[in-house]
Amino acid sequence: MSRMNELKTVYPALTVVFLFALVIMVLFELAKQVIYPTITIWESHAITIFSTSVISVVIIFFSLRSIYLEREKTKEALWLQRDTEERLQRSEKQYRSFVESIEDSIFTVDSECRYLQMNARHLFRRGLSLDMYAGKRYGDFHLPEETVIFTEMVARVISSKRQVQDEYRQNGRYYIRKLNPVIDPVMNSVIAVTVISSDITARKNAENNLETINRKLNLMNDITRHDMINHLTVLYSYLTLVGEEAGDTVTRKYLTNSEKVIDTIHAQLLFARDYQKIGVEAPLWQNISGKIRKAGLPLKNISVTIDDRCSEIEIFADPLFEKVLYNLMDNAVRYAGPQPVIRFILSDEPGRLVLICQDNGPGVPQKNKEKIFLRGFGKNTGIGLFLIREILSMTRISIHECGVEGEGGRFEIAIPAGAYRSVGKK
């Protein structure tokens, strides 16, 4: 059949060449008679036949060559088309195989939430057949309140061209749903939305169980710690009474040492209480100036200066950020002498905001600038600065001591971009 088509293509071209050759022969004969009236008929025919034959051969050669090249291009184009179609079919089969093999529900809807396609897992989960979904919309199979939420999510995906996700509960099970835009590469517009719904019931139950266990453990720790502190208070009172009655110096010395041990145990219990709270509650936006004032120490001889900008900036930090500021000021008071001076300054740096806490103390030796943040290091309990770094690290905020020994302490709290914002004066 293809051979017949090729001949049908060649015949018109040959006919045109033949007619063109006849025209050339006639014109050539007339020209010879005019130019060479004495030429014989045989000479004239011989010259005409030879000339027209050469011209015809040349014309036929280039015509057939053009037809051949065109046919080869057509064959190549058809081969590329078939190859592309086969690749698309293989790709579609692989994609379909992948979609059908996973445990997630997958379906696609248009801008009006009309179903376009879905995998077998979704049909199985809904207990329906593919025919029942033909031409139907999301609202035909879900409650009105569910439809409103889903429709709003689809609209957000189409307008933003970005993924939107949420968690929901259905028939006693938990699911996470991700809506992804299907973008037309030519028009650069969202033509559909693909929904992937994953069952996270096991994970949710584990999280709920873990939350219950943590709540019970925290309650037990609170009760135990409270009772221990009460008992330490009673023991401290007994030791004080014994010390008042003791007559010899040795006994008084041992009682004093015992009281110091009680103070250490009390401080460690308070540290355990604070450390237990780190990360328990979600981070929140907090005004720097407000937290500094709220955390201020109840001592009259402390001079605290706060940069005006601190009232205009909020940072996203653990709720224990107030404890950070309190410990910084408490640390300054312990080392700065009888008249502590503390200053809080804000400094803008590339990609971050730095909150600086300066004091008029002796400063920190170079070799101890990192050691002071280790638990147990220092003259007091050795847990204040350790606790500060732990609290700040929950929201990727860092702290370093950058002062010069002999010129006072300088603690720099680096707040990354996205963790601070300007809200105006408060």
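Read-outs throughout are calculated quantities, based only on the coordinates presented, and are distinct from any laboratory measurement. A quick note: this is a predicted structure, and the numbers were derived from the prediction, not measured. So basically every Cβ, Gly included, is an ideal-geometry build from the backbone, and we count neighbours across all protein chains shown.
Quick rundown of the values:
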| item | result |
| --- | --- |
| Separation in nanometres of the label points that stand 7 Å from Cα toward Cβ, at L235 and V423 | 4.4 |
| Proximal aspartates and glutamates to K75, defined as alpha-carbon separation beneath 17 angstrom and excluding residues fewer than eight positions away on the same chain | E6, D83, E85, E86 |
| Spin-label zone in the stretch 123-150 - amide nitrogen under 20 Å from a point set 7 Å from the Cα of I176 along the C-beta vector | 150 |
| Residue-span extension gain [V341 to S53] - 0.36 nm each, minus C-alpha spacing | 92.3 nm |
| Förster radius 41 Å - calculated FRET efficiency between K75 and I183, Cβ distance, rounded to 0.05 | 0.70 |
| Calculated FRET efficiency for the pair S198/R334, C-beta based, R₀ 56 Å, to 0.05 | 0.60 |
| Value of relative contact order over the stretch 290-341, rounded to a whole percent, pairs C-alpha under 8 Å and six or more apart | 60 |
